[in-house]
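Taking it in order: structure first as structure tokens, then the write-up.
The values are calculated or read from the model by the stated rules, or taken from the named source; none is laboratory data. Small disclaimer: the values here were computed from a predicted structure and weren't measured. Counting neighbours? That spans all protein chains shown, and the Cβs are built from the backbone with ideal geometry, glycine included.
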Amino acid sequence: MKVVTLSEMMIRFMPAGNKRFEQADAFDTYYGGDESIVATSLARFGADSVYLTKLPQNTLGDICIQKLRMQGVDTSLIARGGERLGLNFYENGAAVRPSAVLYDRKNSSFSDASVSDFDLDRAFKGADWFHVSGITPAVSDKAAELTLAAARCAKKHGATVSCDLNFRSKLWTEEKARSVMIPLMESVDVCIGGLEDADKMLGLAQTKVGRGCFSHSREEYEAAFRELRERFGFRFLASTLRQGSDASDNSWAALLWDGGEFYETTRYQIHLVDRGGGGASFSAAMIYGLLSGFDLHKTGEFAAAASALKQTILGDYNLVTLDEVYALMQGGGSGRVQR
């Protein structure tokens, strides 16, 4: 299976433990970003994983490529140039204090990337799947143009296109998001995202969505999935279901719909080590399941287990094996030492 992903790659700076930014004398650094998490996860599962981005022609850009190659990702079509690598400062929350994110990505190399920087026909030749998130076109107008062109090229080559909606209010407004994302949906087959993201990005006319709700009922999700399928013709829809009263411990599951059966997965109780990348890891594992011919139930359980494991791992990448995911699916979540 060949999967292509596209996004900005950044450095994530995290104060050690649960320190606040003002307490930090040093930062742990991780290289990543949502679609690079998808790319590395799929490569670790054995897929031919191609990642598209634009990186500065300097040491930091070289390190990004090294990190991707270490996980088995094909970096041969990455463009080089531009001013700088984007930065992401991430403060890990605890208990009643939520995590916090600060972006420093203005004038990044990827924000200046254009369609001419990439050989999209080469990238999508023989591709089975293209995945992108709503974060990527939010980076800049050029990034939005590139995302739309990539999705259309993927469809031309017969690839399935998936999109994780992922609204980021620090990057664009709801009005701007809708002006970009609604045309993009013409090329999307598989839609992933929570109800608030769907409402902000696409507008839910028939389904009432409470803003700021930590969770919604299954009935609300089913109604929204039906509305989105009716409007955009999606073949498959999914959303992760996070619940919890604080920033340290959450429950985690997912709801998937193939146009016939709605399937809700096993719910995991997670003590969060790093919640970053949970959604991207879910997308990657769901893509792997669908391309592997798993049925709806197995696809959902595989994706829920893989993404639950990610949130116990510090850093951007989901450093798990297929065997570890299968073990958790079979009830191996006791935390006993493996000897």
**Request:** Using the structure shown, decide if E301 is surrounded by fewer than 17 Cβ atoms within 10 Å (Cβ to Cβ), more than 16 Å from the chain's Cα centre (by Cα) and touching a residue at least 24 places away in the same chain (Cβ under 8 Å).
**Result:** no
**Prompt:** If you check Y90 against the conditions, is it under 30 Å from V325 (Cβ atoms) and either of a type in the set (F, W, Y) or more than 20 Å from the chain's Cα centre (by Cα) (or both)?
**Reply:** yes
**Message:** For region 184-202, which positions are without any contact (Cβ under 8 Å) to a residue 60 or more places away in the chain and part of a helix (DSSP H, G or I)?
**Reply:** L184, M185, E186, S187, L195, E196, A198, D199, K200, L202
**Fill in**
By residue number, the members of region 42-72 that are hydroxyl-bearing (S, T, Y) and touching a Gly at 6+ places or on another chain (Cβ under 9 Å) are S49, T53
**Output for region 96-146, where each listed residue is among the basic types (K, R) and touching a residue at least 12 places away in the same chain (Cβ under 8 Å)** = R97, R105, R122, K125, K142
**Prompt:** For region 201-246, how many residues meet the condition of being modelled with pLDDT of 95 or more, within 23 Å of H131 (Cβ to Cβ) and of a type in the set (K, R)?
**Reply:** 3
**Complete:** Residue hits (region 315-327; surrounded by 15 or more Cβ atoms within 10 Å (Cβ to Cβ) and in contact (Cβ under 8 Å) with a residue 24 or more places away in the chain) are G315, D316, Y317, N318, L319, V320, V325
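Yes/no per residue for (1) at pLDDT 95 or above; (2) crowded, with 23+ Cβ neighbours inside 10 Å; (3) in contact with a Gly (Cβ under 7 Å, 6 or more places away or on another chain):
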residue: D74; (1), (2), (3): yes, no, no
residue: L87; (1), (2), (3): yes, no, no
residue: V96; (1), (2), (3): no, no, no
residue: A113; (1), (2), (3): yes, yes, no
residue: K125; (1), (2), (3): yes, no, no
residue: I135; (1), (2), (3): yes, no, no
residue: A138; (1), (2), (3): yes, yes, no
residue: A144; (1), (2), (3): yes, no, no
**Prompt:** Quick check: anything in region 153-162 within 24 Å of L241 (Cβ to Cβ), modelled with pLDDT of 95 or more and over 17 Å from the mean Cα position of the chain (by Cα)?
**Reply:** no
**Message:** Residues that are in contact with a helix residue (DSSP H, G or I) (Cβ under 8 Å, 6 or more places away or on another chain) and surrounded by 20 or more Cβ atoms within 10 Å (Cβ to Cβ): list the strands (runs of 3 or more DSSP E) wholly contained in region 227-282 that include at least 1 such residues.
**Reply:** 236-243, 249-257, 268-271
**Prompt:** Does any residue in region 3-15 that is under 28 Å from V161 (Cβ atoms) come within less than 6 Å, Cβ to Cβ, of a residue that is of a type in the set (G, A, S) and assigned to a strand (DSSP E or B) six or more places away or on a different chain, and which pairs are these?
**Reply:** V3/S49; E8/G86; M10/G86
**Asked** Hey, K170 hits all of (1) closer than 30 Å to L204 by Cα; (2) crowded, with 20+ Cβ neighbours inside 10 Å; (3) at pLDDT below 95 but one; which does it fall short on?
**Response** (2)
